[in-house]
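Step one of this worksheet: look at the structure below.
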Amino acid sequence: MGVPLGALKQFIEGTTLKSKLKQNFLEVTYENLTAILTVEKPPVVSITDQEVEAIVSIKTFLPKEILKFLSNPAFMNHTNKMATFAYLIKDDSSVYLGSCLTIYKNEPAWAIYLPLLLYALICTNEIFNHTILYMINPKSMSTEKSEWTDQDFELTKSYLDNISVCNVGKLGLTAEFDIHQDDVSAKAGHRTALWRMFADQPHPVLGGGLFCILELPFSFEESQLETVINTLNKSEMIPADLPPHFGSWTAGTPGDNPAYVSFLPNIMHSTAKNIQVNMSIWAHARVQTSKSTLAFHGYI
């Protein structure tokens, strides 16, 4: 279905991890955990300008013992605030770190997708373990500088200027994405989603890189916000035509709104050139898919 599982396996063979390749999935084994990348046909195929070829999902299954920690919503929310290539989710029978990717026919973006899938497969578990250790015993923040520069953000702005109010400067980018047609800016009294990228906010575990956050302008009571965030996270793993999912929904900056966060370590700057442009386009699309999810469940 157009997904180069053999190439991914070849990369993994250069590590200490074990892998097993079958027709439509790639299994990667850590010391005591398993990550499974699955390729499947979308259950509903709609003929659009870009026809969906396949849905790729990655689930890194964690020990069930961690479920006792997940009974505390604050723990889960804090963990997902530091999400990188995957988010933490629990269902009735398991707990896993999940990522998801829609593949189109004659997919042109493999230079971006291959590094994302590879790092989601081989790094997610280690990043998660170090994140938990950091939460238990916080250490001083990393001072490693980001590989992203103002030039990267200027390039991104050139793509976003046609669809948003966008500003760059001081190693960052800020854009407003419309919630409803003709919404332009919050300063004009419109309702917009706020998209920001920062190159001066290192990850406590990974060090320098690119921190991304998409904030929705919908407020909820604390108890309902937890349900809303969980609903949005679960919806990201639905096998449908959705923006690439390598991050997590969590509580936003004001504390009462849902926000989608992700972090790209410095190595992604060279291995997935100009990925910050793709992240911004995906964020723009995610505003509408998340709005539809919230509306479907009656939250807005």
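Among what's in the range 241-300 and is among the basic types (Lys, Arg) and closer than 29 Å to Lys41 by Cβ, pick the residue that is surrounded by the most Cβ atoms within 10 Å (Cβ to Cβ).
Of all residues in the range 241-300, those among the basic types (Lys, Arg) come to 273, 286, 291.
Subsequent filtering for residues that are closer than 29 Å to Lys41 by Cβ retains 286, 291.
Values: Arg286: 24, Lys291: 17.
Among residues in the range 241-300 that are among the basic types (Lys, Arg) and closer than 29 Å to Lys41 by Cβ, the one surrounded by the most Cβ atoms within 10 Å (Cβ to Cβ) is Arg286.
Here is a yes/no grid of residues against (1) outside any loop (DSSP other than H, G, I, E, B); (2) surrounded by 17 or more Cβ atoms within 10 Å (Cβ to Cβ):
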{"site": "Gly98", "(1), (2)": "yes, yes"}
{"site": "Thr102", "(1), (2)": "yes, yes"}
{"site": "Leu116", "(1), (2)": "yes, yes"}
{"site": "Tyr134", "(1), (2)": "yes, no"}
{"site": "Ser140", "(1), (2)": "no, no"}
{"site": "Lys145", "(1), (2)": "no, no"}
{"site": "Leu155", "(1), (2)": "yes, no"}
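Can you name the condition, by its number, that Ser223 falls short on among (1) within 26 Å of Pro73 (Cβ to Cβ); (2) surrounded by 14 or more Cβ atoms within 10 Å (Cβ to Cβ)?
(2) is the only condition that Ser223 fails.
Yes or no: Phe211 part of a loop (DSSP other than H, G, I, E, B) and modelled with pLDDT of 95 or more? Spell out the reasoning first.
Details: part of a loop (DSSP other than H, G, I, E, B): no; modelled with pLDDT of 95 or more: yes.
Considered against the rule, which asks whether it is part of a loop (DSSP other than H, G, I, E, B) and modelled with pLDDT of 95 or more, Phe211 comes out as no.
State which residue is nearest to Cys212 (Cα to Cα) when the search covers only the range 157-166 and only residues that are in a helix (DSSP H, G or I) and touching a residue at least 40 places away in the same chain (Cβ under 8 Å).
Within the range 157-166, the first condition is being in a helix (DSSP H, G or I), and the residues that meet it are 157-160.
Pick out the ones that are also touching a residue at least 40 places away in the same chain (Cβ under 8 Å) and you get 159-160.
On the way: Tyr159: 17, Leu160: 15 Å.
Within the range 157-166, the match that is nearest to Cys212 (Cα to Cα) is Leu160.
Residue under question is Phe263, and the condition is that it be closer than 26 Å to Trp148 by Cβ and in contact with a His (Cβ under 6 Å, 6 or more places away or on another chain); does it hold? Steps first, please.
Details: closer than 26 Å to Trp148 by Cβ: yes; in contact with a His (Cβ under 6 Å, 6 or more places away or on another chain): yes.
The answer is yes for Phe263.
Out of Asn266, Asn257, report the one residue that is of a type in the set (S, T, N, Q), at pLDDT 95 or above and under 21 Å from Met141 (Cβ atoms). Please lay out each step first, then the result.
Numbers: Asn257 fails: under 21 Å from Met141 (Cβ atoms).
None of the others qualify; the one that does is Asn266.
How many residues does the range 4-36 hold that are in a strand (DSSP E or B) and touching a helix residue (DSSP H, G or I) at 6+ places or on another chain (Cβ under 6 Å)? Step through it out loud before you land on a result.
Taking the range 4-36 as the starting set, the residues that turn out to be in a strand (DSSP E or B) are 18-21, 25-29, 34-36.
Imposing the further condition that a residue be touching a helix residue (DSSP H, G or I) at 6+ places or on another chain (Cβ under 6 Å) reduces the set to 19, 21, 26, 28, 35.
The number of residues fulfilling the criteria is 5.
The values are calculated or read from the model by the stated rules, or taken from the named source; none is laboratory data. On a predicted model such as this, the values are computed, not experimentally measured, just so you know. Every residue, glycine among them, receives a Cβ derived from its backbone with ideal geometry; neighbour counts consider all protein chains shown.
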